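Q: Supplied in structure tokens, the structure appears directly below.
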Amino acid sequence: DQQVKQNSPSLSVQEGRISILNCDYTNSMFDYFLWYKKYPAEGPTFLISISSIKDKNEDGRFTVFLNKSAKHLSLHIVPSQPGDSAVYFCAASSNAGGTSYGKLTFGQGTILTVHP
Amino acid sequence: ETGVTQSPTHLIKTRGQQVTLRCSSQSGHNTVSWYQQALGQGPQFIFQYYREEENGRGNFPPRFSGLQFPNYSSELNVNALELDDSALYLCASSFGGRALNTEAFFGQGTRLTVV
């Protein structure tokens, strides 16, 4: 039961162009979404998050869009840089009923390669 | 501000053995979560500890157990190791326990290989 899906295993982008990473979810109880970046031999690093009460959150070159009706979120990186090359994970959590313990449900990850 | 540290970084064990992995949480954090990341997959939630008590558990058998200490550091114990337990084990610390909506900060992971 894959509640969070990243259907593109990999994405290749030219430096300076936009990178768009997509994520779909099935659990309508999810109300908080996060993106993490992971380099080899390191743990995931938090990038940006969005609450379900918003549809957009921006932080520098990174913007996350949330479409609740479609149960879809995306991460835009503009402009892309070679140092952005990494595995990107989307994750979701739920505080429904006040019983959430902060469990994160992750997608499978997308390998982003930014070419100089 | 110290980050999340895990030990050891790599470990090789034989099937049937027991293993203990350790995690020191980030300064100021009182919640520790453990995740298993198999090759090519995203991290899967094992369990979380908040104020020294288990605060939620994923779909893992009882041979996966844990502890949290008064200083909020944590251990993950796995008994009767199986080949499928080979994975990267990630520890994440955060603040807030049940009210969590803050970002979890991950350690670098422990790579466990079961042969």
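Q: Mind checking the dipole of the protein assembly as shown: about its Cα centre, +1 per Lys or Arg Cβ, -1 per Asp or Glu Cβ, Debye to the nearest 20? Could you put the intermediate results ahead of the total?
A: Details: 18 positive and 18 negative charges, 37 e Å.
Charge dipole of the protein assembly as shown: 180 debye, to the nearest 20.
Q: Here is a follow-up. Percent relative contact order of chain A, based on C-alpha pairs within less than 8 angstrom and at least six residues apart?
A: 37 percent
Q: Moving on to the next point. Checking the cross-link filter: which lysines have an alpha carbon closer than 21 Å to that of A:Lys5, excluding same-chain neighbours under 8 positions apart?
A: Within the straight-line limit of under 21 Å, A:Lys5 reaches these lysines: A:Lys37, A:Lys38, A:Lys54, A:Lys56, A:Lys68, A:Lys71, A:Lys103.
Q: Also, I was wondering about something else. Counting only other chains, what is the mean number of Cβ atoms within 10 angstrom of the Cβ of each residue in peptide A:42-52?
A: Per-residue shielding by partner chains comes out at 4.
Q: Same structure again: Could I have the simple spin-label model distance between A:Ser51 and B:Asp84, label points 7 Å from Cα toward Cβ, reported in nm to one decimal?
A: Spacing of the two 7 Å Cα→Cβ label points: 3.9 nm.
Q: Can you give the charge dipole size of chain A about its Cα centre, rounded to the nearest 20 debye, using +1 on the beta carbon of Lys and Arg and -1 on the beta carbon of Asp and Glu?
A: In debye, rounded to 20, chain A gives about 120.
Q: I'd like the mean, over residues of B:32-44, of how many other protein chain beta carbons sit within 10 Å of each residue's own Cβ.
A: 4
Q: Sticking with this one: How crowded by other chains is A:104-114, given as the mean number of beta carbons from other chains within 10 Å of each beta carbon?
A: 3
Q: Under the rule that a partner needs its Cβ under 4.7 Å from the first Cβ, which Cys of the protein assembly as shown have none?
A: Isolated Cys, the protein assembly as shown: none found.
Q: FRET efficiency for A:Ile18 and B:Asn77, Cβ-Cβ distance as r, R0 = 41 Å, nearest 0.05?
A: FRET efficiency, A:Ile18 to B:Asn77: 0.35.
The numbers here are math on the coordinates, done by the rules we state, and not lab data. Small disclaimer: the values here were computed from a predicted structure and weren't measured. As a convention, Cβ positions derive from the backbone with ideal geometry for all residues, glycine included, and neighbour counts pool all protein chains shown.
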